[in-house]
Amino acid sequence: AQSVAQPEDQVNVAEGNPLTVKCTYSVSGNPYLFWYVQYPNRGLQFLLKYITGDNLVKGSYGFEAEFNKSQTSFHLKKPSALVSDSALYFCAVRDSGSARQLTFGSGTQLTVLP
Amino acid sequence: KAGVTQTPRYLIKTRGQQVTLSCSPISGHRSVSWYQQTPGQGLQFLFEYFSETQRNKGNFPGRFSGRQFSNSRSEMNVSTLELGDSALYLCASSDQGILPDGYTFGSGTRLTVV
């Protein structure tokens, strides 16, 4: 079985400061990892993914994430937060096997304060 | 290229009724997955269709069903609606090649059961 944990329901950060949204995962095989963002009354927007290769993945809107196999983590980061980054962020995992469904974390509400 | 289109955007139904939701994937994508999003349970996988075949199914009762047509458009049906079926239903489109792409999500259908 696969699972994702986002330990923080809420993260507050001042505009211009770096932000981190945490994610840890559990899968039986090699993980495929994803970050999505959701704005109110909208679907999920893809930010970035880790499939294989470099542990540091760069994505949309200046976001990046670092895959750490030993700590089974895939934290989302951005060097300088914007007020417009305020949204709900989801980490998701699927294994590299035949089961192709994504398992999502519970989400982290990011608020960037002006 | 056009994104994932879900219709309708909003629905209000009465307990006991049935409902059909539609999802048109990105052109060329053969995989469509459905997810239910609620405040209490978060994002949960319903099922995945690939080339008109259900490939994976989540842990939902038989009242939830789906199908996929030859043009990859998918529908999901919920029969005998319950209040707890009120949720945002999201579909995700993917080409499901050798390595997964980012799973493009639609804006969702907001179902309210009264």
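Among residues of region B:55-68 that are closer than 13 Å to residue B:82 by Cα, those with a beta-carbon under 6 Å from a residue that is surrounded by fewer than 16 Cβ atoms within 10 Å (Cβ to Cβ) at least six positions away or on a different chain give the pairs B:63/B:79; B:63/B:80. Among residues of region A:14-45 being among the hydrophobic types (A, V, I, L, M, F, W, C) and touching a Lys or Arg at 6+ places or on another chain (Cβ under 9 Å), the one that is modelled with the lowest pLDDT is A:27. Residues in region A:28-51 that are in a loop (DSSP other than H, G, I, E, B), touching a residue at least 12 places away in the same chain (Cβ under 8 Å) and under 16 Å from the mean Cα position of the chain (by Cα) were compared, and the one that is surrounded by the most Cβ atoms within 10 Å (Cβ to Cβ) is A:51. Among the numbered conditions (1) at the interface with another protein chain (Cβ under 10 Å from one of its Cβ atoms); (2) in a loop (DSSP other than H, G, I, E, B), the only one that residue B:88 does not meet is (2).
Rundown of residues vs (1) outside any strand (DSSP E or B); (2) crowded, with 20+ Cβ neighbours inside 10 Å, yes/no style:
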| site | (1), (2) |
| --- | --- |
| A:75 | no, no |
| A:81 | yes, yes |
| A:84 | yes, no |
| A:91 | no, yes |
| A:94 | no, yes |
| A:106 | yes, no |
| A:112 | no, yes |
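Yes/no matrix, rows are residues, columns are (1) closer than 22 Å to residue A:44 by Cα; (2) within 14 Å of chain A (Cβ to nearest Cβ); (3) within 12 Å of the chain's Cα centre (by Cα):
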{"position": "B:13", "(1), (2), (3)": "no, no, no"}
{"position": "B:20", "(1), (2), (3)": "yes, no, yes"}
{"position": "B:28", "(1), (2), (3)": "yes, no, no"}
{"position": "B:39", "(1), (2), (3)": "yes, yes, no"}
{"position": "B:45", "(1), (2), (3)": "yes, yes, yes"}
{"position": "B:51", "(1), (2), (3)": "no, yes, no"}
{"position": "B:72", "(1), (2), (3)": "yes, no, no"}
{"position": "B:79", "(1), (2), (3)": "no, no, no"}
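Going by the conditions given, is residue A:2 surrounded by 20 or more Cβ atoms within 10 Å (Cβ to Cβ) and within 11 Å of chain B (Cβ to nearest Cβ)? So residue A:2 does not fit the description; no. Of the residues making up region B:20-30, those that are surrounded by fewer than 18 Cβ atoms within 10 Å (Cβ to Cβ) and modelled with pLDDT of 95 or more are B:20, B:22. The residues of region A:55-73 that are assigned to a strand (DSSP E or B) and under 12 Å from the mean Cα position of the chain (by Cα), listed by number, are A:57, A:58, A:64, A:65, A:66, A:67, A:73.
The values are calculated or read from the model by the stated rules, or taken from the named source; none is laboratory data. These numbers were taken from a predicted model, which means no experiment stands behind them. All Cβ positions, even for glycine, are placed from backbone atoms using ideal geometry, and neighbour counts span all protein chains on display.
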